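One structure is given below, encoded as structure tokens.
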Amino acid sequence: MGNPIDDQLGIALLKRIAAKDSKAFEEFYYLYAEGFGRFLMKMLKQREWVDEAVNDVMLTIWQCAERYEPERGRLSTWLFGIAHNKGLKLLERNGRHREESLDDYELEIDDEEQIAHNGYDASSPASSSPEREVMGWELGEAMSWAFSKLSPDHQTVIELCFSEDFTYQEIAEIMDCPLNTVKTRLFHARKRIAEMLARKGFALSDQGKLAI
């Protein structure tokens, strides 16, 4: 979570939830549901699925609040782990989840895509403010398009790392995978996004990397 609620407050609420305090459960919902709901929206992309997943997460919290152990990690890590698990189950149930190796698959071309040979260098400033603003919009659209080409697992590792600011170890716990798997997914996801942006005419930096 970008600006996480103080874990001590959440932990205190969880203790009350474990004792089946419905008022504490309601307060916990309003403090935390928006944060993991945004994450689930990026993962599931359909409002009805997100609503279902959020409800599943909150049901799990109501039933299993006593299982959280503060000494094992941040509350947000535990919550996002539950959210990720519920999101995966929804994707799998709807036939959407498929593990992909980004270093193996070839770049596909969308029907409407035009490969730009004289691309805009994203590391260079535009000559005027309006031009810079337009290029910023175009880069944002290209970033969204490139992100959409990633598999769910690779989208998730990018989202957790750069939007939610979790550490690699925390991401490994959330996604229930080895630490090296997180690092490998992140490497190939960044590489894939850079390649896709280059196809849209946005050049890489001098170091050959895309600053995400």
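Each value in this text was obtained by applying a stated rule to the coordinates, not by laboratory testing. What you see is a predicted model; the values in this text were computed from it and never measured. No Cβ is skipped: glycine too gets one built from the backbone with ideal geometry, and neighbour counts run over all protein chains shown.
Listed values, structure above:
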item	result
Whole-Hz couplings from phi, Karplus 6.51/-1.76/1.60, listed for segment 161-166; x for Gly and Pro	6, 9, 8, 9, 6, 7
Entries of LYS15/LYS42; LYS20/LYS86; LYS42/LYS149; LYS149/LYS191 with Cα pairs more than 20 Å apart	LYS15/LYS42; LYS20/LYS86
Whole-Hz couplings from phi, Karplus 6.51/-1.76/1.60, listed for segment 70-75; x for Gly and Pro	x, 5, 9, x, 5, 4
Highest-first arrangement of 162-173, 58-69, where packing means the average Cβ count within 10 Å	162-173, 58-69
Protection-proxy order for peptides 19-26, 76-83, each taking the mean of Cβ atoms within 10 Å per residue, highest first	76-83, 19-26
